[in-house]
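What follows is a short report on a single structure.
Throughout, read-outs are computed from the coordinates displayed, never taken from laboratory work. What you see is a predicted model; the values in this text were computed from it and never measured. Cβ coordinates were reconstructed from backbone atoms using ideal geometry, including for glycine residues, and neighbour counts include every protein chain displayed.
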């Protein structure tokens, strides 16, 4: 019986701020980073390799060490566990890790301690998949409705989704699973690209990348907006010109507006025939999103990458505040909370279009979308998952996108194992890259200033 | 011109879990703790002492180190600043500290990075008060309406509270300030006690402490509930028996219920004539609180100690979801965000009854309630501030409660300086107390387990 013998947590940062990849109206200089968790065991995987689990959450640079620090304290609860027992009761493991009453004060279920919990549980899910040689989408899709509901954290949701209703919802989709898996094997899961529209890119680069997206078969393109209306009008015009009238154009404001301003600004761009406005205001503002949705219809409202837990999604849906649910696989409490949100979305008939990009998010959300189609919503209609084409080279089982669709993952686990060489290069602050790079250009230099004491 | 020369951040933990002080249905074993920030300067206070600022946030034990770690990264932005310039633009300083786009990803404005921001800005406010020799309530009450609104963080609030309306609201309360200050000097600000009703106390202790509360002049007593309805019925009966029919009885469930259960349980206790049910469910659930409020009226709904920022309070008020606003001085982003919430509460006519207890919260909220009365709401009617009588001995300027009322603070600053001897004793893990205490009884032992690596 394999046991978890130790945990390693790494702070890995990639210097994306150098190229303006990932730049938007709120996040101007992100260094895409991962708080990376490895669960070692004394066992062997079905393929003969040492059995281990690899998980991460995504951050944008400074503070990644804070998340790693929290992950160490949470992951320690897994050391010494029997892997088979853990895999048989992932709902119980999740409740154990979220039930530390002292740590709970720091959230609850939000911010640093929820990001770190996600990293830890993502590693546990990866391990559970590797134990039986299945990709995690398949591990979950093969569960009975009752088993899948037991995995989900339904606390605080019963007013919107009683357990029995969740089970019934899944049971109704039992038929057709095999056909839907065959469909995914044939055509994958549709995705859209954000790579074209980062705010820091020039008009020429925008035009070129939109054309490339069209040439690669994408039916959707998303632009970052919100810094200057004049710029946004010009950039939307370029994008619409290149992609033509039949493809979908989305915009993303990354929370820069107050409610009324969001309605005005979005309305000013409405002539470009927008599918959605994403993150128009504070991610905490359920009622604000509802007001914006009323104000900008028929343009849809999308949010979720900063919606910090299932209780927020419950309200976004109860209030009719969103048209698209963009859950984040590194911000929600791993698949335990993601399954709960998929169930809510199915109940409220809101399409789930997961947030991705960053580091490792694309690797994870492909599993989420495949699971949603196979076992929960049963449809790909009106759904499209984000894809950003960078940093995949650091993963041993990177996502593959062909003809604007994610290819069905087939290797065991959650696709979140990074190459040891990538970690050695980009571990902060002592990886080879960060050791070489010094001087005033280092975005994180402030952390090393000597005037703060008491660090022990 | 004095400058901030260095920052010290300490992890201080008190072993309150040994006595069940602070025990409730969610928090069974809290070790009340402070992430404590000291801003040193090269200046001298008006009283001739070295000028410094002392601030903290409260946590319940494990994870206090995570908050301290985050506070160090945020506080460094204050080093090198001119103290007078800082004090003249506290709104700008606050925006600076919340505008780190990389750190923002970890919230935004919630969880660990917001708790730590609170500690840092609390120290800055303490420093600003000491610079001019005023308690912070007075520093703020002496501001013009425009100055006070400039201090407040109104971002994301304009749909509920435009800036001009906030200014007008304050202007309407300009007359009468001096009279209200005189009233506070004469009679203080009314408070209630939670010390009687912790869940871990025996019936005999509960009865004795309720009687002591009555003898000390309290008009309100609060009990923790939510673990066992049978126990709650018995405990409410004891409390009501002791305090008689004319005093107020409140109950606090610390988030243990789902929405429907909260309505059922509270209704089952309604015969004890309850003023409010506090934290009936998830602190994120605005719509859930609104449903509970409809379901349990005329019992009021109170929440706020876990409401993580002003956007949550905006919605609680817009949705008519709460009857009492229990803001927390260590969870909101210091006085910059607290003033915004006081303004919202005045606009929506919701009485502010701050959460306190913990470590240092009573010391801070006395300033908040005094400010609210003098400059914002202009009334104490229907308001009562929490008081818990423990851990005050660790502060150099502890709050004073007489005849069930906080005495108006008169010493400069925010009352948040701790005795150096207390820090030396309870600093974790190397203070004298924690060094002496070892073995399986140490609640925090898990943090020291050797099987987690990668900590650098």
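Bridge orientation summary for the stretch A:167-406: considering DSSP beta bridges with both residues in this region, about 15 percent are antiparallel.
Say each of residue B:3 and residue A:393 gets a label point 7 Å from the Cα, pointing the same way as Cα to Cβ; how far apart are those two points in nm? Result: 4.4 nm between the two label points.
The order of B:388, B:9, going from fewest to most other C-beta atoms within 10 Å of their C-beta, is B:388, B:9. Each peptide in A:368-376, B:24-32 receives the mean, over its residues, of other Cβ atoms within 10 Å, and ordering these scores from highest gives A:368-376, B:24-32. Neighbouring Cβ atoms from other chains, within 10 Å of the Cβ of residues in B:22-30, number 2 on average. The order of A:41, B:44, going from fewest to most other C-beta atoms within 10 Å of their C-beta, is B:44, A:41. Work out the P(r) tail for the stretch A:93-229: percent of alpha carbon pairs separated by more than 20 Å, whole number. The share of Cα pairs beyond 20 Å in the stretch A:93-229 comes to 69 percent. Nearest-to-axis residue in chain B, judged by Cβ distance to the rotation axis that brings B onto A and given in whole Å, is B:111, 1.
Using alpha-carbon pairs under 8 Å, 6+ residues apart, how would you state the relative contact order of chain B in percent? Computed over chain B, the figure is 19 percent.
Distance between the C-alpha centres of the stretch A:327-346 and the stretch A:182-207: 23 Å, rounded to the whole angstrom. The alpha carbons of the stretch B:27-156 occupy a box of 42, 36, 28 Å along the principal axes, longest dimension given first. Averaged over the residues of peptide A:258-265, the number of Cβ atoms from other protein chains lying within 10 Å of each residue's Cβ is 3. Legend: ranking of residues B:158, A:6 from fewest to most surrounding C-beta atoms inside 10 Å; resulting order B:158, A:6. Shielding of peptide A:66-72 by partners, expressed as the average count of other chain Cβ atoms within 10 Å per residue Cβ, is 6. In the stretch B:372-403, whose amide N lies under 19 Å from the spot 7 Å out along Cα-to-Cβ of residue B:144? List them in ranges. Counting only backbone N, you get B:375-376. Put the Cα centre of the stretch A:240-270 next to the Cα centre of the stretch A:33-97 and the gap is 39 Å. When the square roots of the Cα gyration tensor eigenvalues are ordered a ≥ b ≥ c, the ratio a/c for the stretch A:167-406 is 1.5 or more and a/b does not exceed b/c, which makes its shape oblate. Here r is the Cβ-Cβ distance between residue B:171 and residue B:381 and R0 is 22 Å; the resulting FRET efficiency, rounded to 0.05, is 0.60.
Computing FRET efficiency as 1/(1 + (r/R0)^6) for residue A:432 and residue A:402, where r is the C-beta to C-beta distance and R0 is 25 Å, gives about 0.15. Computed extension length for residue A:260-residue A:44: 72.1 nm, one decimal, from 0.36 nm per residue of separation with the Cα-Cα distance subtracted.
Here is how the number arises for chain A: DSSP H runs of 4 or more residues each give -39500 (n - 2.57), the sum is divided by the residue count, and the result at 222 nm is -11500 deg cm²/dmol.
A simple packing score, the average count of other Cβ atoms within 10 Å per residue, orders the peptides A:126-137, A:204-215, A:332-343 as A:332-343, A:126-137, A:204-215, with the highest score first. The separation of the stretch B:1-29 from the stretch B:145-170, counted between C-alpha centres, amounts to 32 Å.
In this calculation the C-beta distance from residue B:216 to residue B:267 is compared with R0 = 41 Å, giving a FRET efficiency of 0.85. Each copy carries residue A:402; placing its label point 7 Å along the C-beta direction from Cα gives inter-copy distances of 8.2 nm, listed from smallest up.
Between copies, the label points at residue A:175 (set 7 angstrom from Cα along Cα-to-Cβ) are spaced 7.6 nm, reported in nanometres from shortest to longest.
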